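To start, the structure itself, in structure tokens.
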Amino acid sequence: MKTETRQVFLPDWTVPPGSMLEEKIAEMGLTVEAMAEKIELTPMDARRLLEGEIALTDEIADKLEDLTGILHEVWSNWEQTYRDDLIRISSTQE
């Protein structure tokens, strides 16, 4: 009997949820400033959110669901995956 070996792809990079958000707001015709106002962030914090410099909290996920129609769970799961990836990547680079 042949045993199959699976290889897991673990890149040394990750993508913040803000990349999806940036595409979505562009698709909606919104600027970062307009999005910031709608989700009650400063424009600077909105830019930091897009870059992954600040966490996408449950409160922000709720507001993004209202704004974009993308479920809170999708935003939360992507944020958790992003943060987990950052930890994994930093531990492999030590």
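All of Ala26, Ala46 fail the test of being of a type in the set (Gly, Ala, Ser) and surrounded by fewer than 16 Cβ atoms within 10 Å (Cβ to Cβ), apart from Ala26. Pairs meeting the criteria (first residue in segment 69-94 and touching a residue at least 24 places away in the same chain (Cβ under 8 Å), second residue among the aliphatic types (A, V, I, L, M) and not in a helix (DSSP H, G or I), beta carbons under 6 Å, at least 6 apart or on different chains) are Trp75/Leu56; Glu79/Leu56. Annotation for segment 5-20: no member residue is charged (D, E, K, R) and either buried (at least 16 other Cβ atoms within 10 Å of the Cβ) or in contact with a strand residue (DSSP E or B) (Cβ under 6 Å, 6 or more places away or on another chain) (or both). Counting only residues that are touching a residue at least 12 places away in the same chain (Cβ under 8 Å) and assigned to a helix (DSSP H, G or I), how many does segment 42-65 have? Qualifying residue count for the region: 10. For segment 1-41, the candidate set comprises residues that are of a type in the set (Asp, Glu) and part of a loop (DSSP other than H, G, I, E, B); within that set, the residue that is nearest to Ala61 (Cα to Cα) is Glu40. For segment 56-66, the criterion of a residue being modelled with pLDDT of 95 or more, at positive phi and not aromatic (Phe, Trp, Tyr) is satisfied by no position. For segment 62-93, taking the residues that are more than 16 Å from Glu22 (Cβ to Cβ) and under 11 Å from the mean Cα position of the chain (by Cα), the one that is surrounded by the most Cβ atoms within 10 Å (Cβ to Cβ) is identified as Ser76. Filter segment 33-56 for residues that are in contact with an Asp or Glu (Cβ under 8 Å, 6 or more places away or on another chain) and not aliphatic (A, V, I, L, M) and give the result. The answer is Pro43, and nothing else.
The values are calculated or read from the model by the stated rules, or taken from the named source; none is laboratory data. Quick caveat: nothing in here was measured; it's all calculated off a predicted structure. Every residue, glycine as well, gets a Cβ built from its backbone with ideal geometry; the counts of neighbours run over all protein chains shown.
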